[in-house]
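First comes the structure, then the notes that go with it.
FYI, it's all coordinate maths here, none of it is from the lab. Small disclaimer: the values here were computed from a predicted structure and weren't measured. When we count neighbours, we look across all protein chains shown, and the Cβ atoms used for this are built from the backbone with ideal geometry, even at glycine.
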Amino acid sequence: MGQPTNRVFSGIQPTGNLHLGNYLGAIKKFVALQDSHECIYCVVDLHAVTAQLVQDDLKNQTREIAAAFIASGIDPAKHIVFNQSQVREHAELAWLFNCVARMGWLQRMTQFKDKAGKNAQNASVGLFAYPNLMAADILLYRATHVPVGDDQKQHLELTRDIAAKFNNDFAAKISEFGHGDEGYFPITDPIIEGPATRVMSLRAGNNKMSKSEPSDMSRINLTDSADDIAKKIRKAKTDPEPLPETMDELADRPEARNLIGIYAALAEKNSQEVLTEFAGQQFGSFKPALAELAVDKLAPINAEMRKLMDDPDHVDSILADGADRARLIAQDTMKEVREIFGFLG
Ligand code: TYM
């Protein structure tokens, strides 16, 4: 079987509080790639239990991410939308990747260090091996492109290392199976571009906007009402200076840089274009413009998400159908991977 050349895979964890960072860093790009690529978008529920074993209402959290995908414009009929745990091959390939990846590679993962904190000895083995499961998600479909936010960059480098080691260690077997020089797994390209690859907290411009930050004022949730969005932007931390003319002048103004980046991503412009438009103005006039734009873009998504969440059976049937289609690809890959490893049966 030849390798796919334009297959996109990406995933989001169903761990609550889907926010503007997830939307601008990931979902909005997922939508844009649909015209040019064959896309597989996954609610990664197996990942959700790595940091916290007992999850509150995992089923509804899973539906909510699927609803956000669809409400944002992902077409589950043309592309594949499913949740990871329905396709068991993810766990199987992740196990094999536990044997391909090296301890030293995983020990370098900064996200494990951040998430495990001071008590790494008490973190789950799953949290440590998490990047191997992520590599399995991507390579199970032999995806060539992975749109993500900047915080996933290191995990994607690891995915490339795993693919390269597998291709190299099994080179003889792989060519026996007719895969030629290109190897079995593609060396996946991350897609991390645009003005919002790292959306920062509205309360502290040096911290990433995150689902787990205790202060809800630090993030705009996709489920926030128009009033909440406007209030959070009005109260966002800024500085007393007017907006400058060039991005270089924002180098030491992380909060201002963040709001400009958010505006640019929502308006589909680059940050410099936005600065040119608002140069010389105070936040007193920029913030209302940003609030209006954010509400304009997010309110329809919010409304559509609510509609979908009112009909959980419909969302479940979309996920089940997506899982059926994903499984067909996953099973083909696993059949070959089992042969390459040399397992009997
Ligand atoms: P997760 O669920 O933490 O985040 C989902 C996506 O949102 C992006 N993101 C951000 N982008 C910009 N600014 C932010 N503040 C911000 N916060 C989050 C993330 O980069 C991500 O793209 N490990 C992944 C999920 C995953 C995955 C995969 C992704 C599992 N398997 C395979 C791609 C391919 C994660 O925890 O994302």
Difference of contour (0.36 nm per residue) and Cα-Cα distance, K153 to R108: 14.9 nm
Just report the Cα centroid separation between the range 168-221 and the range 33-73, whole Å. 15
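Cut-off is 10 Å between beta-carbons; in what order do L156, L202 appear when sorted fewest neighbours first? Present the calculation step by step, with values, prior to reporting the outcome.
Details: L156 20, L202 25.
In increasing order of surrounding Cβ atoms, one gets L156, L202.
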Would you calculate the convex hull of the Cα atoms in the chain and tell me its volume per residue in Å³? 147
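Order these by the 10 Å Cβ neighbour count, fewest first: H79, H47, H314.
Details: H79 19, H47 23, H314 15.
With the fewest neighbours first, H79, H47, H314 line up as H314, H79, H47.
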Arrange D316, D114, D45 by Cβ neighbour counts within 10 Å, fewest through most, would you? D114, D316, D45
Could you compute the FRET efficiency for D35 and E241, with r as their C-beta to C-beta distance and R0 at 51 Å, rounded to 0.05? 0.80
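In the chain, what % of DSSP beta bridges are antiparallel (nearest 5)? Each step should come with its number before you reach the end.
Numbers: 2 of 16 bridges.
Expressed as a percentage, antiparallel bridges in the chain total about 10.
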For every helix of n ≥ 4 consecutive DSSP H residues, a contribution of -39,500 (n - 2.57) applies; sum these over the chain, divide by its total residues, and give [θ] at 222 nm rounded to the nearest 500 deg cm²/dmol. -16500 deg cm²/dmol
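Report the gain in length on full extension from D169 to D316: 0.36 nm times residue separation, minus Cα-Cα distance, nm rounded to one decimal. Let's see the in-between values first.
On the way: separation 147, 0.36 × 147 = 52.92 nm, distance 4.01 nm.
Once the chain is fully extended between D169 and D316, it gains 48.9 nm.
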Can you tell me which of 138-147, 99-108 comes out highest on packing, and rank the rest after it, using the mean Cβ neighbours within 10 Å? 138-147, 99-108
How large is Rg/Rh for the range 216-307, to two decimals, with Cα atoms and a Kirkwood Rh? 0.98
Expressed as a whole number of Å, what is the distance separating the alpha-carbon centroids of the range 281-329 and the range 92-142? 29
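Is there a pair in K113/K211; K113/K208; K113/K269 whose C-alpha atoms are over 27 Å apart, and which pairs would that be? Please report the intermediate quantities before stating the final value.
On the way: K113/K211 17 Å; K113/K208 16 Å; K113/K269 35 Å.
Correct reply: K113/K269.
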Taking the alpha-carbon distance from K307 and a cut-off under 18 Å, which lysines remain once sequence neighbours fewer than 8 residues away in the same chain are dropped? K59, K297
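For L53 and A120 in one chain, what is 0.36 nm times their gap in residues minus the Cα-Cα distance, to one decimal in nm?
Numbers: separation 67, 0.36 × 67 = 24.12 nm, distance 1.55 nm.
Between L53 and A120, full extension yields an extra 22.6 nm.
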Is there a pair in K28/K335; K28/K153; K173/K335 whose C-alpha atoms are over 22 Å apart, and which pairs would that be? K28/K335
Which residues does the label zone of E92 cover in the range 314-345, counting backbone N under 13 Å from a point 7 Å along Cα→Cβ? 327-345
